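To start, the structure under review is shown below, and the notes come after it.
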Amino acid sequence: MTTGDENGMDILKLMRVLPHRYPMLLIDRITHLEPRKTVRGYKNLSMNEHFFQGHFPGMPLMPGVYQLAKNRNSTHNPSGRTLDHSEVAPRGRSDCAITCRASDSSLPQR
């Protein structure tokens, strides 16, 4: 079993923090976390993901709205003001790296 370390979170710790569950838990691990500054994480992807079945036939891609939701999951920030315009296909993992602006008043206070 994998456990979270001091600079990251594994899936079990993420499930204790986030209310999301499959199919909307779109982050598998946080690899680096500096609260209110930066976060890096990833979602493992395979052809079995439900959104690849119809988006698009013959050229499966992760829909942009799911990429945004993945970023929101990683920051636990409902505003999710990050954009990822890359094509995400079912081969490996989708990484995210988010840096918060010091002036961003939408960040949750902890």
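Every read-out reported here was derived from the displayed coordinates using simple, explicitly stated rules and does not represent laboratory data. None of the values given here were measured: they were computed from a predicted structure. Note that we place each Cβ from the backbone using ideal geometry, even for glycine, and neighbour counts take in every protein chain shown.
Listing for the model above:
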quantity: Cut-off under 5 Å, modelled amide H: who pairs with H55 long-range; calculated: L61
quantity: ³J(HN,Hα), Karplus 6.51/-1.76/1.60, whole Hz, each residue of region 46-61, x for Gly, Pro; calculated: 9, 5, 6, 4, 4, 6, 6, 5, x, 10, 10, x, x, 8, x, 9
quantity: Built amide H within the under 5 Å cut-off of T38, gap 5+; calculated: C100
quantity: Packing-based ranking, highest mean first, of 39-48, 24-33, 11-20, 56-65 given that Cβ atoms within 10 Å are counted; calculated: 24-33, 39-48, 11-20, 56-65
